[in-house]
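Rule-based calculations on the coordinates, nothing more; no lab input. The structure displayed is predicted, hence computed values, not measured ones. Neighbour counts are summed over all protein chains in view; Cβ atoms, including those assigned to glycine, are modelled from backbone coordinates with ideal geometry.
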Amino acid sequence: MLIAIDNLQQAEMKAPYEKLCGTITASELLRRVQSGETSVSDYLAECRAAIQQYESDIRAFADVDHDVRAADSGPGLLQGVPIGVKDVIETEGLTTEFNSPLYQGHRAARDAACVAVLKAEGAFVLGKTATVEFASLGRLPPTRNPYNLAHTPGGTSSGSAAAVATGMVPIAMATQTGGSTIRPASFCGVAALKPTWGLVPVEGLKPYAASLDTITWMARSVEDLERVLRCFQPTEPEPALPDALRIGFYRSAYWESAEIATRDALRVTIEILESQGAIVETVDGPDNDGNLNAAQNTIMHAEGRAAYLAEYLRWPGGLHANLRDEVENRLQLSTAQLVGAYDYLARMRPEMERHMSGFDAWLTPAVPGEAPHGLESTGDAVFNRLWTGLHMPCVTLPGFQGPENLPVGIQLVAPRFRDRHLLAVAGVVEALIRAA
């Protein structure tokens, strides 16, 4: 269900796509399998039916395994759960083409480390989800927004967001180097976690910017996000929350980019939290937080020069023009600028965390507003770049829609390696929004 913000004084419940909003989560599936109410085979049939129903319009997948089977029981956290995997993450048995004509038909010899972990927990890969070329600056995928085919689903993890939103898979792996997970998840009305940088192994991921690239995932509930996180943090203790949450409301230095839909979603979230006893305080970041996005952008493009050098040399003239520009340093980024960006973010990480001290999480914009019209742009990552550069975990939660009846997400963030605590907070906020 989505909270539709009609104006500053009124919010009413609407669900433009009951089918999309009614699909069960992975965690609910596992409970029903355990109780004997359903089977993994029956659920897999539902996923395949959703693919048959939606894929010709949504085009969320780059490759689908039509023959894969799964077991109904076992010890793993994801036993029998079908997942999608973004097509820049290598998978054994399915193609990994990076949405690039240079890698048509490419098949990896083995699974990426993150995929191997999830398979060890019982998950199986139903398909590879569509991406912007190399998850960066090249060809756009054909994926469309499930709520309005004339609007972008976001990028670069567009296929993962659309596949989860339509019930084709309950969980999809993705990546974020700038805003490639939080943005499409918000645009498509699903939940997502960008974990702390370095928490999830990146072996088998096609790199863009090594000091920013993060393996992420999307799902239909916070419970599912937490279930995947436990696969990568099996020894992390269960977090304990206080009786009353203390949330910081951080507009950031980029608040002017927030449209009315996002401002209203945050306002209503604050009202819901406060009505249930949470303490919400408006907070400021460090004095020089206005340079966070610029520093992330410098590092991303400078490191991208190395990421595509091999393709540039191996296939002269075959690489997408935007990626050639990266290698050729068309932005004319200097070594001094890169070192300055590294050092600035290294100072800002502990400084920002000092400002967060005493709060359970910070509430902040996830996207400027609803998904833009058209497929030529995947939207603006203005509210994502800073957190990616800071290496902090971020969660986006669905529940709101703007004036064009498209989803708008909110974002919760926390200090580094407080991922499980952040998801515990997000679970409370999710429940309150659903009950509003």
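Data for the structure
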read-out	value
Convex hull (Cα only) mean projected area of the stretch 155-254, reported in nm² to one decimal	8.1
Per principal axis, descending, Cα span of the stretch 377-432 in whole Å	36, 29, 10
GNM result for the chain, Cα springs below 10 Å: residue of Ala174, Ala60, Ala240 fluctuating most strongly	Ala240
Estimated D of the chain in µm² per second, where Rh is the Kirkwood radius over Cα pairs and Stokes-Einstein applies at 20 °C, 1.002 mPa s	99
Per DSSP, loop GluC sites (Glu not before Pro) in the stretch 34-108 with at most 12 further Cβ within 10 Å	Glu37
Gln53-Val339 FRET efficiency (beta carbon distance; Förster radius 56 Å; 0.05 resolution)	0.60
At q = 0.14, 0.24, 0.27 Å⁻¹, base-10 log of I(q)/I(0) for the stretch 100-179 (Debye sum, equal scatterers on each alpha carbon)	-0.53, -1.29, -1.38
5 Å-binned pair-distance histogram of the stretch 164-315 (Cα, whole percent)	2, 7, 12, 15, 18, 19, 15, 7, 3, 1, 1, 0, 0
Kyte-Doolittle mean at least 0.5 and Cα axial length at least 20 Å: DSSP H helices in the chain	419-435
Cα gyration tensor shape of the stretch 207-288, rounded if a/c is under 1.5, else prolate or oblate by comparing a/b with b/c	oblate
Glu92 versus Ala310: modelled label distance in nm, points set 7 Å from Cα along the beta carbon direction	2.0
Fewest-first ranking of Asp243, Asp380, Asp87, using other Cβ atoms within 10 Å as the exposure measure	Asp243, Asp380, Asp87
GNM top mover of Thr235, Thr214, Thr262 - the chain, alpha-carbon springs below 10 Å	Thr235
Relative contact order for the stretch 394-436, counting Cα pairs under 8 Å that sit 6 or more residues apart, in percent	37
Cys114, Cys188, Cys47 arranged by Cβ crowding within 10 Å, fewest neighbours leading	Cys47, Cys114, Cys188
For Ile182, Ile215, Ile24, Ile51, order by how many other beta-carbon atoms lie within 10 Å, fewest first	Ile24, Ile51, Ile215, Ile182
Computed log₁₀ I(q)/I(0) - Debye formula, equal Cα scatterers, no solvent, the stretch 48-203, q 0.13, 0.20 Å⁻¹	-0.53, -1.33
Total lysine pairs under 21 Å (Cα atoms) in the chain, excluding pairs fewer than 8 apart on one chain	10
Length-normalised contact order of the stretch 90-214 in % [C-alpha pairs under 8 Å, at least 6 apart]	21
Relative contact order of the chain, pairs being alpha-carbon contacts under 8 Å that are 6 or more residues apart, as %	19
Top of Pro101, Pro393, Pro234 by mean-square fluctuation, Gaussian network on the chain, Cα under 10 Å	Pro234
Calculated SAXS-style log₁₀ I(q)/I(0) at q = 0.14 Å⁻¹ - the stretch 366-409, Debye, Cα scatterers	-0.39
Largest-first principal axis extents of the Cα set of the stretch 325-436 (Å)	52, 41, 18
Isotropic mean projected area of the C-alpha convex hull, the stretch 272-399 (nm²)	10.8
